[in-house]
Amino acid sequence: MSLVKINIGPVHPSTHGLLRLVVTLDGDTIVNVEPHVGFLHRGVEKLAENRMYMQIPPFIEKCDYVAKMAMDEAYVATVEAAMGIEPNERAQYERVILLELQRIASHLLWLGAMLNDLGHFFSVFMWTFADRDKVLKLLEEATGQRMFYVNMRLGGLRQEFPKDFEYHALDVLTYLEKRINEYESFIENSSLFKERMYKVGVLSRDDAINLGVSGPVLRASGVNFDVRKDKPYYVYKKLNFKPIVLYNGDNFSRYKVRILEIKESIRLIREAFKQMPDGNATGMPIKLINPAPKNKVVRVSREGPRGEIMFYLVADEQRPYRLAMRTPAFINLAALNHIARGNKFANLFPIIGSLDLVMADVDK
Amino acid sequence: MLINELIEIIEYFIVMLITAFAFAYFFGWLERKFVGKFQRRHGPTYLGKFGLLQNLADFFKLLTKEQVWPKKADKLLFLVSVFLIAGFTLYLVMLLPIYNFYIINSSIILLLIFIILSFLPILIALNGYSSSNKFAMISAQRSILLLISFEIPLFLVLIAIGYYVHSYSIVSIVNAQSNLWFLFIMPIGFFVFLMALLAEMERTPFDLREADSELIAGWLTDTGAPYYMLALFVDYIRSFFGAAIISLLFLGGWYGPFGNSFIWLFIKTIFVALFIMFIRAIAIRMRIDRILYFGWIVLLALSIINLYLVYLGY
């Protein structure tokens, strides 16, 4: 049979933004998938060169509009490293709590979108969306903004947690724990789900390492690498957690890693609240920051919900001389062709879903 | 004499047309509301009481849209197939009896209905082919695949029913259920029939023809708004037909407590429709290569077992 080329996207219900794929099909089998990216490119790295350090976070946050806090924090941590500032312990705990809340929100959204890619008619999507909103409410309470927080300041946060934030957060966590168990039993008891997830889109351990994927995609392939554990930052050393690692490398493992990560994050937040010391976590006001040392080169990496976020900064006094980002979704997208080749056409979309792509993150 | 019969036929057509249209409209509204409730949201609320006029507004909105023809589209084939689909679907509804109100009571009426029903996927395939869109083309192939996977089990169930009743007339089939529904006499057959009809009606988990996360809108991808509206409407009418035929063949039709009446048929039809919506709200789409396995191994085996059990029991 002759090969057929199909152009999917950039406007398509399940390309998670603006992703264009040129898929070569042999009958119903995928021969090649060629991602074309760049529809959402805004040149954030270049924009950063013309702005003061703390004017940049609003741009950075829009790179990954699902896990804003993770991007924001990674960037601010890079600037802190360039200036040699270390946030105090309470600020570190608060940042960890916010980051883990953001991870939960991101994974919840992913869960709904994944089920949609499998052909579910928005039910789980709406449920997880509502639950995610509870987490966003918490983040709003803590930061004042629902979506784009711009909450990180050098040496701390823009503002201290409100008084009864801890109680609200623990309430929501209890609720979420119950809901996650419900989702798990609802989704995994479905034989159709198993059929479409088990042993579909397998990424072997070696391939995962060679392709440079990170985050849940990497850990689902049996590589025990989590930046929080391997290059610990903040108070992750003091918190007792272990990275979730599964060994099949298929769609189901990637799904399961994220579900277990939500549970682990819930545990982490509870522990962090227990350990959190008193003090003041407020960071420097934007106007008062010192100039950074000239030509200082720093590289900071963080474990975002999608994988390893890395910032490379060549500092100038008032603004970055050069800012380069390693966004996780871009690298994970590179593995798509490798995973999808040889699969059926209908499996392509669950595979894209399981990689958890955010196209703004890919295109920067 | 002839005039009277003609008037009767026209009367019946008008009543059935109104019923089908009303049900299609109601089905569209109910689905939005019911699935919405299932997903912890409200569904349409703005237009009319409980958003009852929302579908009407959508209808007019789609009518005002521009009709764009793709360059390579086969216009004639497209138009012929889309109107044939609509016509045949309406014709199917016309053949259904409502209590003592029917147009034809032939002993082969059920076979006629299902022969027309199995003709629809071919028309849909033609329609998908005519728009020369690759997604529509894949959808057309899938349509044929669904046809060959589900048609044989479906007809085997019909044969079992015909064997039990000694007739393919729907009226006699319903009358044979006056004591016990066929749902209890042949539960396996009911399962097979339900699955096959879900596939015919493009409902999850077999909505492969218009799998929206894969094929955008399947065979309707390049269809312009007015024809899309027509197809959508036909889709609802087909759902009405499916729900009605299930309640006629397996749920005792118009038989019920407190006297036999067409109201029972309506209640049962609505319940079946709700059940179909419920499946839509919770199920995941089946993968295309599993459909063949499911059709040819699972459903075929089950339908043969069903036939054999009916043969033994009779």
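The values are calculated or read from the model by the stated rules, or taken from the named source; none is laboratory data. Please read all numbers here as calculations on a predicted model, not as lab measurements. Methodologically, a virtual Cβ is constructed for each residue, glycine included, from the backbone with ideal geometry; neighbour enumeration extends over all protein chains shown. Heavy atoms of the whole protein, side chains included, go into the accessibility calculation; ligands, DNA and RNA do not. Shrake-Rupley method; radii C 1.70, N 1.55, O 1.52, S 1.80 Å.
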Quiz item: What average count of beta carbons from other chains do you get within 10 Å of the Cβ of residues in B:35-43?
Solution: 3
Quiz item: Any idea what the dipole of the protein assembly as shown comes to, in debye rounded to 20, about its Cα centre with Lys/Arg Cβ at +1 and Asp/Glu Cβ at -1?
Solution: 1260
Quiz prompt | region A:357-364 - phi-based ³J(HN,Hα) in whole Hz, Karplus 6.51/-1.76/1.60, Gly and Pro as x | solution = 8, 10, 5, 5, 5, 6, 8, 6
Practice problem: Could you work out the local net charge near A:K274, counting Lys and Arg as +1, Asp and Glu as -1, over the other residues with Cβ closer than 15 Å to its Cβ? | Solution: -2
Exercise. Please calculate how many Å² of accessible area region B:54-139 carries per residue, with a 1.4 Å probe and no DNA, RNA or ligand atoms counted.
Key: 50
Self-check item: HN-Hα J in Hz across region B:207-213 - Karplus 6.51, -1.76, 1.60, θ = phi - 60°, x for Gly and Pro
Solution: 7, 5, 5, 10, 4, 6, 7
Exercise. Over region A:39-339, with every protein chain in place, what whole percent of the accessible area is carbon and sulfur at 1.4 Å, could you tell me?
Key: 53
Quiz item: Using modelled backbone amide H atoms (1.01 Å from N, in-plane), which distant-in-sequence or interchain residues come within less than 5 Å of A:L25's amide H?
Solution: A:V4, A:K5, A:I6, A:V31
Quiz item: Which value in nm describes the separation of the simple spin-label points at A:Q145 and A:S204, placed 7 Å from the Cα toward the beta carbon?
Solution: 4.5
Quiz item: Rule-of-thumb check for the protein assembly as shown: C-alpha Rg over 2.2 N^0.38 Å?
Solution: 1.12
Quiz prompt | region B:167-314 - percent of accessible surface contributed by carbon and sulfur, probe 1.4 Å | solution = 73
Practice problem: Using a Gaussian network model of chain A whose springs link C-alpha atoms within less than 10 Å, name the residue from A:V257, A:V31, A:V213 with the highest mean-square fluctuation. | Solution: A:V31
Self-check item: Accessible area (Å², per residue) of chain A, counting only protein heavy atoms and a probe of 1.4 Å
Solution: 37
Quiz prompt | Chains B and A together, accessible area buried on both sides, 1.4 angstrom probe, square angstrom | solution = 2700
Quiz item: Leaving out ligands, DNA and RNA, what percent of the accessible area of region B:1-147 is carbon and sulfur, probe 1.4 Å?
Solution: 72
Quiz prompt | Taking region A:39-339 and dividing mean pair separation by its residue count, relative contact order in percent (alpha carbons under 8 Å, at least six apart) | solution = 27
Quiz item: Taking Cα centroids, how far is region A:18-93 from region B:293-314 in Å?
Solution: 56
Self-check item: Cβ-based net charge around A:S14, under 11 Å, with every Lys or Arg adding one and every Asp or Glu removing one
Solution: -3
Self-check item: Other protein chain Cβ atoms within 10 Å, averaged over every residue that makes up A:110-117
Solution: 1
Quiz item: What residue among A:I180, A:L138, A:Y198 has its Cα farthest toward the positive end of the dipole of region A:39-339, where the charges are +1 on Lys, Arg and -1 on Asp, Glu, each on the Cβ?
Solution: A:Y198
Quiz item: Got a sec? Charge dipole of chain B, +1 on Cβ for Lys and Arg, -1 for Asp and Glu; which of B:G51, B:Y228, B:F135 is way out at the positive end?
Solution: B:G51
Quiz item: Taking each full run of DSSP H in chain B as one helix, which ones are at least 15 Å long along their axis (Cα atoms) and have mean Kyte-Doolittle hydropathy of at least 0.0?
Solution: B:2-38, B:75-94, B:109-130, B:134-165, B:187-200, B:225-249, B:262-282, B:300-313
Practice problem: Using a Gaussian network model of chain A whose springs link C-alpha atoms within less than 10 Å, name the residue from A:L192, A:L313, A:L101 with the highest mean-square fluctuation. | Solution: A:L192
Quiz prompt | Other protein chain Cβ atoms within 10 Å, averaged over every residue that makes up B:274-284 | solution = 4
Quiz item: Given H placed on each backbone N at 1.01 Å, which residues far from A:L154 in sequence or on other chains put an amide H within less than 5 Å of it?
Solution: A:M284
Quiz item: If you add up the charges near A:W127, with Lys and Arg at +1 and Asp and Glu at -1, over every other residue whose beta carbon is less than 13 angstrom from its beta carbon, what do you get?
Solution: +3
Practice problem: Among DSSP beta bridges whose residues both lie in the protein assembly as shown, state the antiparallel percentage, nearest 5. | Solution: 95
Quiz prompt | Estimated vicinal HN-Hα couplings, Hz - region A:201-212 in sequence order (Karplus 6.51, -1.76, 1.60; Gly, Pro = x) | solution = x, 7, 10, 6, 4, 5, 4, 4, 5, 5, 7, x
Quiz item: Any idea which of A:F330, A:Q159, A:F121 is furthest toward the positive side of the dipole for chain A, if Lys and Arg beta-carbons carry +1 and Asp and Glu beta-carbons -1?
Solution: A:F330
Quiz prompt | Shape of region A:205-299, Cα gyration tensor, a/c cut at 1.5 | solution = oblate
Quiz item: Based on Cβ point charges of +1 for Lys and Arg and -1 for Asp and Glu, what charge dipole magnitude is obtained for region B:229-312 about its Cα centre, in debye rounded to the nearest 20?
Solution: 160
Self-check item: Average accessible surface area per residue within region B:141-273, 1.4 Å rolling probe, Å²
Solution: 31
